[in-house]
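Report on the following structure.
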Amino acid sequence: MNTASILQVVGSHGGWRLIDNGRPSFWFLERDQALQIARVIADSRAGLRLIPTSIEVENPAGQMELVANYL
């Protein structure tokens, strides 16, 4: 079985950074843009490569919240 993957959307320099397994990937002006791309990546990994992928988003308090699991 493949190792699980985590995508995180965090505030960064007035926008939102997509972190892929701890590594910065993309920067977006809007949170919804970052979340939409995270969903596409997660769906592809889980569906095509059989890699379970979680998406976490930074809340206003600066804590990470799980918003989706793709299995």
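The values are calculated or read from the model by the stated rules, or taken from the named source; none is laboratory data. Because the structure is a prediction, the values reported are computed rather than measured. Note: ideal-geometry Cβ built from the backbone for every residue, glycine included; neighbour counts use all protein chains shown.
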* Asked: Inside the stretch 1-45, can you point out the residues that are among the β-branched types (Val, Ile, Thr) and over 13 Å from residue 55 (Cβ atoms)?
  -> 3
* **Those residues of the stretch 36-71 which are farther than 22 Å from residue 14 by Cα and in a helix (DSSP H, G or I), in sequence order** => 40, 41, 42, 43, 44, 45, 46, 47, 48
* Give me the pairs, please: first residue somewhere in the stretch 37-57 and of a type in the set (A, V, I, L, M), second residue anywhere and in a helix (DSSP H, G or I) and modelled with pLDDT under 95, beta-carbon distance under 7 Å, and either six or more positions apart or on two chains. => 51/45
* To do: Could you grab me the full set of residues in the stretch 31-52 that are buried (at least 16 other Cβ atoms within 10 Å of the Cβ) and closer than 11 Å to residue 5 by Cα?
  => 41, 42, 45, 46, 51, 52
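Return the residue satisfying two criteria in turn: it lies in the stretch 6-20 and is modelled with pLDDT of 95 or more and not aliphatic (A, V, I, L, M), and of such residues it is farthest from residue 66 (Cα to Cα).
It comes out as 15.
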